[in-house]
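Notes for the one structure printed next.
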Amino acid sequence: MRKGGSMERDVKLRIPRFRRFSTVQLLIALALFFIWAPFVEEIEGGELIVSGLFSLVLLAGVVAVADRKGVLVIAIVLAIPAIAGRWINHFRPDLIPPAVFLVAGLVLMIFVIANLIRFVLRAPSVNTEVLCGSISAYLMLGLMWTLAYWLVDQLTPGGAFSFNTNAGTRSMNGFTGFYFSFITLSTVGYGDITPVSRIARWLAAMEAMTGLLYMTVLIARLVSLYSSPKSNDS
């Protein structure tokens with residue numbers, strides 16, 4: 001009986017634990033999206049490339065937070081309508097309006113960001129995973145608000161934003177929303193795009209406050225982790 005029990009324990013020890021995928025992969029996917037998406041958007045077939053890069057970011061976000069099977073299942077359930085809706089809207093915009101995949105994408109990003117922040121705040125020490133996770137969470141915050149601005153622009157018939165430039169675009173989809181989001185998140189604010197509706201102003205104010213609070217809390221947390229004694233697992 002002892003021998004059988006010992007073999008059973010050995011088998012249990014050999015079973016691999018479900019573990020988090022590297023957040024480095026998510027940061028790489030975000031870097032590819034941020035570098036290439038603004039430049040390929042205007043070329044022929046550029047929207048297809050942007051959709052592919054966006055899907056890659058969402059998939060990388062799913063696997064980056066999958067430290068437990070339950071989290072992975074929830075992330076997959078949230079990712080399916082976001083990714084499928086984006087591609088269906090790309091090929092058949094008459095079937096699914098942009099608001100459908102924008103809402104699904106927002107819900108998925110909120111879930112991924114919350115899990116990334118939880119991972120950073122609960123980390124015992126600073127390592128590559130923690131640094132990549134914290135940077136990825138910040139970049140995904142800007143991407144999340146990009147979708148939010150696009151959604152508000154879609155749902156506001158009179159126009160939620162005022163464009164104070166001579167540029168031809170008058171919509172918050174694509175690079176315009178991306179640009180405004182990160183300018184607001186970093187609290188730079190050039191004034192070339194102005195939120196005019198109540199919900200658009202509220203979103204811009206919330207993003208600016210989130211950017212400031214995130215950096216403050218993140219720096220304090222990383223300094224605290226770096227100053228604490230390092231464990232052998234870090």
Item to check | Criterion: surrounded by 16 or more Cβ atoms within 10 Å (Cβ to Cβ), under 18 Å from residue 119 (Cα atoms), at pLDDT below 90 and in contact with a helix residue (DSSP H, G or I) (Cβ under 7 Å, 6 or more places away or on another chain) - qualifying residue of 60, 37, 66 | outcome: 66
Item to check | Looking only at region 190-200, and only at residues there that are part of a loop (DSSP other than H, G, I, E, B) and open to solvent by 50 Å² or more (accessible area, probe 1.4 Å), the one that is modelled with the lowest pLDDT | outcome: 190
Checklist outcome for this item: With criteria (1) within 30 Å of residue 125 (Cα to Cα); (2) in a helix (DSSP H, G or I), residue 187 comes up short on (2)
Checklist entry - Looking at region 149-159, is at least one residue in contact with an Asp or Glu (Cβ under 8 Å, 6 or more places away or on another chain) and closer than 23 Å to residue 194 by Cβ? => result yes
Next on the checklist: Return the residues of region 110-125 that are closer than 13 Å to residue 218 by Cα, in a helix (DSSP H, G or I) and among the hydrophobic types (A, V, I, L, M, F, W, C); say none if nothing qualifies.
Outcome noted: 116, 117, 119, 120, 121
Next on the checklist: Scan region 83-101 and tell me whether some residue there is open to solvent by 10 Å² or more (accessible area, probe 1.4 Å), touching a Gly at 6+ places or on another chain (Cβ under 9 Å) and more than 19 Å from residue 173 (Cβ to Cβ).
Outcome noted: no
Next on the checklist: Any residue that is of a type in the set (A, V, I, L, M, F, W, C) and closer than 20 Å to residue 112 by Cα - is there at least one of those in region 155-172?
Outcome noted: no
Checklist entry - Which pairs do you get when a residue that is closer than 14 Å to residue 51 by Cα, found in region 67-96, comes within reach of a residue that is assigned to a loop (DSSP other than H, G, I, E, B), reach meaning Cβ atoms under 6 angstrom, with the pair 6+ apart or on two chains? => result 85/96; 88/95; 88/96; 89/96
Next on the checklist: Which residue is farthest from residue 151 (Cα to Cα), if the candidates are limited to region 97-116 and must be of a type in the set (Val, Ile, Thr) and touching a residue at least 40 places away in the same chain (Cβ under 8 Å)?
Outcome noted: 112
Checklist entry - For region 48-95, how many residues are among the hydrophobic types (A, V, I, L, M, F, W, C), in a loop (DSSP other than H, G, I, E, B) and in contact with a Lys or Arg (Cβ under 9 Å, 6 or more places away or on another chain)? => result 2
Checklist entry - Quick check: anything in region 103-119 more than 14 Å from the chain's Cα centre (by Cα) and surrounded by 21 or more Cβ atoms within 10 Å (Cβ to Cβ)? => result no
Item to check | Any pair with Cβ under 7 angstrom, 6 or more apart, that starts in region 173-196 at a residue that is closer than 20 Å to residue 137 by Cα and ends at one that is part of a strand (DSSP E or B) and open to solvent by 30 Å² or more (accessible area, probe 1.4 Å) | outcome: none
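The values are calculated or read from the model by the stated rules, or taken from the named source; none is laboratory data. Bear in mind the structure is a predicted one, so any value in this text is a computation, not a measurement. Glycine gets a Cβ as well: all are built from the backbone with ideal geometry, and neighbour counts include every protein chain shown. The protein model used for the area step is the full one, side chains on, heavy atoms only, and it has no ligands, DNA or RNA in it. Shrake-Rupley method; radii C 1.70, N 1.55, O 1.52, S 1.80 Å.
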